[in-house]
1. Could you list which residues have their amide H under 5 Å from that of Leu94, counting only those 5 or more apart in sequence or on another chain, with H placed in the peptide plane?
2. Per residue, how big is the convex hull of the chain when only Cα atoms are used? Give it in Å³.
3. How many percent of Cα pairs in segment 277-389 exceed 17 Å?
4. Please work out the Cα center distance from segment 1-74 to segment 123-152, rounded to the nearest Å.
5. Would you kindly calculate the mean projected area, averaged across all directions, of the convex hull enclosing the Cα atoms of segment 350-487, in square nanometres?
6. If each DSSP helix of 4+ residues adds -39,500 (n - 2.57) and the sum is divided by the residues in the chain, what number results at 222 nm, nearest 500 deg cm²/dmol?
7. As an exercise, use a Förster radius of 25 Å and the Cβ-Cβ distance of Asn2 and Leu53 to find the FRET efficiency, rounded to the nearest 0.05.
8. Could you tell me the ratio Rg/Rh of segment 141-218? Both radii from Cα atoms, Rh via Kirkwood.
Amino acid sequence: MNIGTIIASQSTPNPFEFIFVISEDLAIKSVEYGTFVQVMEDNNVILGVVENLVHSSKYFSSADIVHGSSISLETKKIFPSTTWEYRLAEVKVLGMISRIFKRSTQPVSPGNNVMLADADILTKFLGFSPNGINLGILRQMNINVQPSLDRLVQKHLAVLSISGGGKSYATSVILEEILGRTQKSGRPATILFDVHGEFKDLSTLKDNPDFKNCEIEIIPAEDIQLSVTNLSSSHFAKLIPSITRPQIRELTKAISVKKKNSEIITIPTLIETLSGFEMNQLVQDALIGWLSGLQSTRLFGHHEIPDLELSLKAGKLIIFDFSRMISLWYKQIIVYYVLDRLFNLRRERLIPPVVCFLEEAHQFAPEDKTPASKDIIETIAREGRKFLCSLVLISQRPVNLSTTALSQCNSQLILKIVNPNDLAYISKTSEGITSETLKLISSLGVGEGLLMGNSVNYPIFVQIRKRISNSIYNEVSLEEESKKYEKMYHNNESSVNSKLLNKIK
Ligand SMILES: Nc1ncnc2c1ncn2[C@@H]1O[C@H](COP(=O)(O)OP(=O)(O)O)[C@@H](O)[C@H]1O
Ligand SMILES: [Mg+2]
């Protein structure tokens, strides 16, 4: 579709930019900020992107004329002002495609026609793959946004937005895409730390014939048991930040005694062994106190439940459901243990390549605190890609998320963000984000996002596709829930009695 004609201005066209005039109404509607366009120049296609639009009107640019006619508010009806209106689109040249894609070194010619970019050319230029992760539609262009799995997640992905911006929804879409992959196209294992219990509905995928090969296991956090046998004294040092060097020494000794004698290692048996050691009473009391504190979490035991090495399979998703667990400390301990185990299992190639999705990532790798889980998240962010252990960090508070972890996320899916501090932080941690793009992030609608970084050759706006899995979980409405509540306990007088009855039952 021909959408306009290139004009000559004082400094354009040049090899980097050109300006074109859009006159037709239809063309005006189909060109906006970020639209990809192309121009034929000497049998080569020059690809560009609209970086600014100016609406020009000779009639309304003269203050005298506007003032003179302002007696009537119906100016537009009386004067044919619209026939003098047009739009100017400023285009940044992205490159030239002959047989390969290369940098453009010559300006395009004034008078040349400008067209909307061809779908095939654009798909190739952006680097999408037929086997890729279908996130949705490229805004305006009706092209599937389909970066390859490698490019999207191997070097880690950050999914960021305000609360309610669509992070969990987009995460479900990515998980659906990974779960729908065939053995032939390569299926990693996936794990998800589901902080609010929003992802249970992914299990409805099993009823869909396209997903018959995938497996989904939901593990309530309260059923998890962390094996003390897998813990060294350095693990304990992470779990007990105030532990001292002499205490670590004694603990190391106790663990090696137990291992040498092939004895069952649990926290109570470690305490028993430590009680028999000769050591400073204060050191001993404090150490036993710390360990008793860990034991009281009821998270630790001899066996690992679930057995991570056996449970993690290619094409399988394990969801750790934290929805009934209140203590953040407990959750951080579980995330630490699981990620540390997975990273080590992966280093020894004992499990398939794995992608770890972490909701509320700022709670587990905060910038200003050092919970047990922070270090392993930063380690995987730095080294995980070598061992094919990838992270998807999901957060509504990027400012509070570890800079080390966030800056190692080579791909970013940014949904609506309005907080200026978060926006400034994102522009600091993500290369190649322009101030215009930053402005657009705050005006994104629900389900719209900016995909940038390693996953695409150029930042693009994407409309996230509809989910395949049925949504059992829906955002609870205050009005609806209040109505339901009153219906259940239909009037105030009987409500106390009904509640009491329910309690007795
Ligand atoms: N791409 C989308 N298409 C349709 N609805 C969406 C989309 N993204 C989000 N929503 C809806 O917007 C609401 C908030 O999305 P959610 O993913 O829970 O946000 P967040 O996790 O960022 O807090 C939900 O009701 C969800 O169904
Ligand atoms: Mg969410």
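1. Leu47, Gly48, Val49
2. 245
3. 62
4. After rounding, the separation between the Cα centres reads 28 Å.
5. Value for segment 350-487: 11.9 nm².
6. -9500 deg cm²/dmol
7. Efficiency at R0 = 25 Å is approximately 0.90.
8. Ratio of gyration radius to Kirkwood radius: 0.95.
The numbers here are math on the coordinates, done by the rules we state, and not lab data. For clarity, every value in this text was computed on a predicted model and none was experimentally measured. All Cβ positions, even for glycine, are placed from backbone atoms using ideal geometry, and neighbour counts span all protein chains on display.
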